[in-house]
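Everything on this sheet refers to the single structure shown next.
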Amino acid sequence: MSMTAEGQRRIRALRAFSYSLDGVRLIAVAVGEEVSLRAGTAAGLLAEGYAEAVAEDAPPRSLPPAPRRRRATPDDQV
């Protein structure tokens, strides 16, 4: 498991989170996104199958940008 800062571990989300944990808003973490959490928190998420460990030497992985939505105009038909 990757150790980043002192006592921190880097994980990748495998499933969507529906709660906050240890002061971290996990709801905002997308599937596939990498985050650094305290070691105990990361271990719990790994054990429950919500995340996987990221190799220590792996470069940070970024997600593709979300598709942009076009604003509705008066000419749009409903």
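Some observations on this one:
- Hits in the range 12-48 - residues which are touching a helix residue (DSSP H, G or I) at 6+ places or on another chain (Cβ under 6 Å) and charged (D, E, K, R): 22
- Taking first residues from the range 33-53 that are in contact (Cβ under 8 Å) with a residue 24 or more places away in the chain and closer than 13 Å to residue 10 by Cβ and partners that are part of a helix (DSSP H, G or I) and among the small types (Gly, Ala, Ser), the Cβ contacts under 9 Å between residues at least 6 apart in sequence or on separate chains come to 35/42; 36/42; 51/42; 53/42.
- Verdict on residue 13 being at pLDDT 75 or above, at negative phi, in contact with a Lys or Arg (Cβ under 6 Å, 6 or more places away or on another chain) and of a type in the set (Gly, Ala, Ser): no
- Residues of the range 18-32 that are surrounded by 10 or more Cβ atoms within 10 Å (Cβ to Cβ), outside any helix (DSSP H, G or I) and at negative phi: 20, 21, 24, 25, 29, 30, 31.
The values are calculated or read from the model by the stated rules, or taken from the named source; none is laboratory data. Please read these numbers as outputs of a predicted model, since none were measured by experiment. Cβ atoms come from the backbone with ideal geometry, glycine included; neighbour counts cover every protein chain shown.
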